[in-house]
Amino acid sequence: MTLQGSDAPLNDWVKPSPFQADRPLSALRQLIRKTLVIAEIEVRKLRHDPSDLLLRAVQPALWLLIFGQVFTRIRAIPTGNLRYLDFLAPGILAQSVLFVAIFSAMTIIWERDLGIIHKFLASPTPRVSLVLGKALSAGIRSLVQVAIVYLITSLLGVSLNLNPVALLGVLLIVLLGAACFSLFSLMVACLVKTRERFMGIGQLMTMPLFFASNAIYPIALMPAWLQILSHLNPLTYQVDALRGLMLVNGTSTYSFGLDALVLICAATVLTLICARLYPRVVL
Amino acid sequence: MNETKSDVSLITARDDRPIILETQGLTRKFHQFTAVDRLDLTVSSGEIFGLLGPNGAGKSTVIKMLTTLLPPTAGRAKIAGFDIRGQAAQVRRQIGYVPQSLSADGTLTGYENLLIFAKLYDIPHRVQRVRIREALEFMGLQEAADRLVRTYSGGMIRRLEIAQAILHQPAVLFLDEPTVGLDPLARSVVWELVQQLRTNYGTTVFLTTHFMEEADSLCHRVAIMHQGSVIVMDTPDRLKASLAQANPTLDDVFIHYTGNPLESGGTYRDTSRLRRTTQRLG
């Protein structure tokens, strides 16, 4: 005798599940809830061991203190009415978010080598939640970078815009930027599957992503071919939005809406790709 | 343990027990290589079923297909009435899974490891705490609940992993090599817990192992796999009785059916993973 569907009690433990995934609204609720659970793991880990966050503060500090100070002094880069250090500040925030996010999927390879991913995939968690939860985790780490960069830049005398709406905008853009690059990182991790290759590709990607953007100089200074590349680079739109939001005298080339839209579109496409690739990491 | 044995004959004799797991022609190929070849088996509700075989025989591939991690190339399988391909989401709610390699998160506490899975399995908020406390008690981990898992011993980690997999009270619990890398004492603790799970809650257990002693003392029925196919399936006692020699062990049965065990063995990656797990748990 074979049981059909969910009829008949199979043993003492099987009860009708209170949850029904058939309805789109409850499916969406489940997706959001599970995404938050995956991100909660990261928050709990950071609470147990926040040392990594402090280490991450060193790099933006060095860029601002050394690179920023020198280039502000020589005035080699035309930055309009902005001091070079002011111009640089949003770029360095975007950069530190990029660095946090681009290596974030390293944990995926680690978890795959253990059996952690297997267990998540065998649980009733939507694949999109597993992927978005990781993206949100990178976003949470990046929010700490916001605090660090704001602290250092204000000490260096950058005139920061502390208007709450602008701050909220900064947080949103940082979350979106972190999502884009951590999803990109996740995609790479799903494809290469080994630590060594992942590190290699990560290193390879950060350079062009960072330099083919408006993070440390205006796009207008670039040769034409590089300008095209930097217009395809999501980091450019992240920096552009941050430049308008962070600084008192900051201006963006594009509207906040366009910058956010580009980042949302990039994150959506990457989420769909990753949700496809992610279950394959255990094969 | 003798008590369980008498129980065994009862179960295999009773055909009216509902079938909770069923595969028909389940096949998985990796390019030219057939890892699992037309597997047909049925497991009754409340049974402890063991899939045995040398490394690389296809045991883990079977478990990965049944736990919806790996789509089969051909054939079908149903768990608690749900199809593993068409109804994967429902299947996932009915099963618990403890992978072979280490799957508890060392950077979280034992309690947190359970809490995350309680949430992922949609255990209602008001019963989460109770369920977690019960699971911790059942596994004897109450004292260690608030310690980071990386400070646990191998046996404690395994117990925590089983606790994670039974929080939602699954119909079928999959254990992939549950005692690999454990010392004999920790191993027997795991065996007792598995038996208790079945006695207390009627959980069906589907496990893979290459320890014959484990299969002999735990399983009601075993299937021996070799090169992707099941070559024999019966109760351990009947399998032993089928051999011509006097007082055979299940080891003898295994060697009789699979030939020289030295000739088989998993790939480089399997071996490295197994060794790493052993190292961590040991």
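Nothing in this text is a laboratory measurement; each read-out follows from the coordinates by a stated rule. Keep in mind the model is a prediction, meaning the values are calculated, not measured. Every residue, glycine among them, receives a Cβ derived from its backbone with ideal geometry; neighbour counts consider all protein chains shown.
Observations
- Neighbour counts of other Cβ atoms within 10 Å put A:Cys190, B:Cys219 in the fewest-to-most order A:Cys190, B:Cys219.
- A viscosity of 1.306 mPa s and a temperature of 10 °C, combined with the Kirkwood radius over Cα pairs in Stokes-Einstein, give a translational diffusion coefficient for region A:193-275 of 112 µm²/s.
- Taking A:His231, B:His220, B:His31 and counting other C-beta atoms within 10 Å, the order from fewest to most: B:His31, A:His231, B:His220
- Label-to-label distance, A:Val58 versus B:Thr42, with points set 7 angstrom from Cα along the beta-carbon direction: 6.5 nm.
- Each Lys and Arg Cβ is given +1 and each Asp and Glu Cβ -1; about its Cα centre, region B:2-281 then shows a dipole of about 960 debye.
- The convex hull defined by the C-alpha atoms of region A:29-121 has an orientation-averaged projected area of 9.0 nm².
- Adding -39500 (n - 2.57) for every DSSP H run of four residues or longer, then dividing by how many residues chain B holds, sets the calculated 222 nm ellipticity at -12500 deg cm²/dmol.
- Other protein chain C-beta atoms within 10 Å of residue C-beta, averaged over B:83-89: 1.
- Cα extents for region B:154-196 along the principal axes, largest to smallest and rounded to whole angstrom: 28, 18, 15.
- Efficiency of FRET from Cβ geometry, A:Leu143 and B:Asp251, R₀ 41 Å, rounded to 0.05: 0.10
- Model label points for B:Asp183 and A:Val70, set 7 angstrom from Cα along the Cα-to-Cβ axis, are 5.7 nm apart.
- For the protein assembly as shown, the convex hull spanned by the alpha carbon atoms encloses 164 Å³ per residue.
- Total formal charge among the other residues, if their Cβ is under 12 angstrom from that of A:Ile140, Lys/Arg +1 and Asp/Glu -1: +3
- The three principal axes of the Cα atoms in region B:2-281 give end-to-end lengths of 54, 42, 41 Å, sorted in falling order.
- Measure of compaction for chain A (Cα Rg per 2.2 N^0.38 Å): 1.14
- Across all Cα pairs in region B:129-272, the calculated P(r) in 10 Å bins from zero up to the longest distance comes to 10, 35, 32, 18, 5, 0 percent per bin.
- Within-14-Å neighbourhood charge of A:Val174 [Cβ basis; K, R +1; D, E -1]: +1
- Per residue of A:26-39, other chain Cβ atoms within 10 Å of the residue Cβ number 1 on average.
- Projected label distance in nm at B:Arg129 and A:Leu283, using a 7 Å step from Cα toward the beta-carbon: 4.5
- Over region B:93-149, the reciprocal of the mean inverse Cα-Cα separation, the Kirkwood hydrodynamic radius, stands at 12.0 Å.
- At R0 = 60 Å, FRET efficiency that the Cβ-Cβ distance of A:Leu155 and B:Ala74 yields, to 0.05: 0.35
- Among beta bridges identified by DSSP and lying wholly in region B:2-281, the antiparallel ones come to about 55 percent.
- For A:Val158, A:Val281, order by how many other beta-carbon atoms lie within 10 Å, fewest first: A:Val281, A:Val158
- Spatially close Lys pairs in the protein assembly as shown, defined by Cα atoms under 17 Å apart and a spacing of eight or more places or different chains, total 14.
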